[in-house]
Amino acid sequence: MHEILFFGVIFGGIFSLFSSLILVHMGMLIDRFPVGDEEERERCIWSPREFTRYAVIFYWPLYIVGAAMLVPGTRIMTVAGIATLFGLVLFMITALIFSVATYNLMRSKSRGSSSPSIMVSFGKPGSFMRAFRLPAHGRKSHSTRSSQASRAAVVED
């Protein structure tokens, strides 16, 4: 059981390391992105670059504490450590998805399109059903053409 937890902590740490690097990079991209006609953007703790850096700096001590909770081996500490690490990894995934969606929205608005490029196909009615090759409304549409069997036979003399 301890081996599984050990490999989970190692795997989560590697995933978190790469995710942290990507998240900080996305924060810098979003912060450098031009918005409208503004000349100089104010830099503060709430700017995307700084906020992302502080979130990553706050993330790692919590990850180490969560991993350290697994060491004593008591049942309560093990469950608390697993829950802490699982919650932190879910936080990282959510932050990555949010950063990518924000950058995509900003990029699509700068190009002048009315909707973001990734979400365009989900915005149209019935497009989700077309992905599974199902009819959009669930009803079969009948053809106005008549079949061969219902046509009158031509009799030649």
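Worth a mention:
- Considering only residues in segment 69-111 that are part of a helix (DSSP H, G or I), farther than 16 Å from residue 8 by Cα and hydroxyl-bearing (Ser, Thr, Tyr), the one that is farthest from the chain's Cα centre (by Cα) turns out to be 110.
- For the residues 45, 30, 4, the requirement of being surrounded by fewer than 13 Cβ atoms within 10 Å (Cβ to Cβ), modelled with pLDDT under 95 and part of a helix (DSSP H, G or I) singles out 4.
- Exactly one residue out of 56, 65 is at pLDDT 90 or above, surrounded by 14 or more Cβ atoms within 10 Å (Cβ to Cβ) and more than 20 Å from the chain's Cα centre (by Cα), and it is 65.
- For residue 140: the one exception among (1) among the charged types (D, E, K, R); (2) assigned to a helix (DSSP H, G or I); (3) modelled with pLDDT of 55 or more: (2)
- One residue alone among 89, 120 is surrounded by 13 or more Cβ atoms within 10 Å (Cβ to Cβ), modelled with pLDDT of 90 or more and among the hydrophobic types (A, V, I, L, M, F, W, C), and that residue is 89.
- Some residue of segment 94-115 being modelled with pLDDT of 75 or more and loosely packed, with under 12 Cβ neighbours inside 10 Å: yes
- Flag if residue 77 is over 22 Å from residue 99 (Cα atoms), buried (at least 17 other Cβ atoms within 10 Å of the Cβ) and without any contact (Cβ under 8 Å) to a residue 40 or more places away in the chain: no
The values are calculated or read from the model by the stated rules, or taken from the named source; none is laboratory data. Remember, predicted model here, so these are calculated numbers, not experimental data. Quick reminder, even Gly has a Cβ in these numbers, built from the backbone with ideal geometry, and neighbours come from all protein chains shown.
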